[in-house]
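> Take this structure, written in structure tokens, and hold onto it; I'll ask about it next.
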């Protein structure tokens, strides 16, 4: 289910004295099965663009094609597109509105007119995918959940609709380190096991570096970088210029280079960094050298 964006512009409060253009001539394609990070500082336009991906916004300037269907065409079934392209918002309270976890997760399949048996099957499956035990959480009051559990329930509610694309917008914001780790592990598992397209919207470079295969960087409503994760993160100084902090492991490697060590800066995790540092410090015979 490819997503194609052609010459897309977006203006908030268009036609008023408070008009503000948020997107400028966006051209983009995301193919089936990709794991994409959409990143940028605040007000960069990343969330605005994300809401075009599942037809929450309809273009007035430019085109958006979802699986070849123009979202602005009268013949396009927008309800089906929103089932096929699931969107999980940063604030789960904006998405969870039923009394219990089970009722909330069942809402989407009910709207899809699934049978009672299919609804139960999908709820069980979705809860298992996000690590919510069915017997423990099915009847749990939504307001009794922790922040991380609410995000899991929100993701499960979208997964129960069997989307082909999953958009995750700022879902780690406000979580403690353990909650963040657990949610990121859920996301990795979903992509690995379900083989669906995942678009991960974030301003956290550390989170993106751990997850995605491709990074799209936005600044002031424009795409300024788009490429494989290692390649984009290797341009850390460019990213810092627009207000994005490089992942901590890359900052460490940069400081080592500044001290004279010939280590690469395009590493993605601690294991890679350790391997490169060990290689740099060793010389024939097992001796070690440092920078002058």
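The values are calculated or read from the model by the stated rules, or taken from the named source; none is laboratory data. Fair warning: this is a prediction, and the values are worked out from it, not measured in the lab. Heads up, the Cβs are rebuilt from the backbone with ideal geometry, glycines too, and the neighbour counts pull from every protein chain shown.
> Take the conditions in contact with a strand residue (DSSP E or B) (Cβ under 8 Å, 6 or more places away or on another chain), crowded, with 23+ Cβ neighbours inside 10 Å and either at pLDDT below 85 or within 25 Å of residue 101 (Cβ to Cβ) (or both) and apply them to residue 167. Does it pass? Walk me through it before giving the result.
Details: in contact with a strand residue (DSSP E or B) (Cβ under 8 Å, 6 or more places away or on another chain): yes; crowded, with 23+ Cβ neighbours inside 10 Å: yes; either at pLDDT below 85 or within 25 Å of residue 101 (Cβ to Cβ) (or both): yes.
Here the answer is yes, as residue 167 does meet what is asked.
> Kindly check whether there is at least one residue in region 229-239 that is touching a helix residue (DSSP H, G or I) at 6+ places or on another chain (Cβ under 6 Å) and more than 25 Å from residue 26 (Cβ to Cβ).
no
> Still on this structure: In region 8-35, how many residues are surrounded by fewer than 14 Cβ atoms within 10 Å (Cβ to Cβ), under 15 Å from residue 57 (Cα atoms) and touching a residue at least 40 places away in the same chain (Cβ under 8 Å)?
Qualifying residue count, region 8-35: 1.
> Can we say residue 187 is buried (at least 22 other Cβ atoms within 10 Å of the Cβ), without any contact (Cβ under 8 Å) to a residue 60 or more places away in the chain and in contact with a strand residue (DSSP E or B) (Cβ under 7 Å, 6 or more places away or on another chain)?
Working: buried (at least 22 other Cβ atoms within 10 Å of the Cβ): yes; without any contact (Cβ under 8 Å) to a residue 60 or more places away in the chain: yes; in contact with a strand residue (DSSP E or B) (Cβ under 7 Å, 6 or more places away or on another chain): yes.
The answer is yes for residue 187.
Listed here are the residues, each with its yes/no results for (1) surrounded by fewer than 18 Cβ atoms within 10 Å (Cβ to Cβ); (2) within 24 Å of residue 191 (Cβ to Cβ); (3) without any contact (Cβ under 8 Å) to a residue 40 or more places away in the chain.
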| residue | (1), (2), (3) |
| --- | --- |
| 78 | yes, no, yes |
| 93 | yes, no, no |
| 108 | no, yes, no |
| 116 | yes, no, yes |
| 130 | no, yes, no |
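> Looking at (1) surrounded by fewer than 17 Cβ atoms within 10 Å (Cβ to Cβ); (2) modelled with pLDDT under 95; (3) over 30 Å from residue 25 (Cα atoms), which is the only condition residue 121 fails?
It is condition (2) that residue 121 fails.
> Now a separate question. What are the residues in region 34-43 that are modelled with pLDDT under 95 and out of contact with any helix residue (DSSP H, G or I) (no Cβ under 6 Å at 6 or more places or on another chain), if any?
Residues satisfying the conditions are 41, 42, 43.
> Do you know which of the residues in region 129-149 that are touching a helix residue (DSSP H, G or I) at 6+ places or on another chain (Cβ under 7 Å) and in a helix (DSSP H, G or I) is nearest to residue 183 (Cα to Cα)?
Filtering region 129-149 for residues that are touching a helix residue (DSSP H, G or I) at 6+ places or on another chain (Cβ under 7 Å) and in a helix (DSSP H, G or I), the one nearest to residue 183 (Cα to Cα) comes out as 148.
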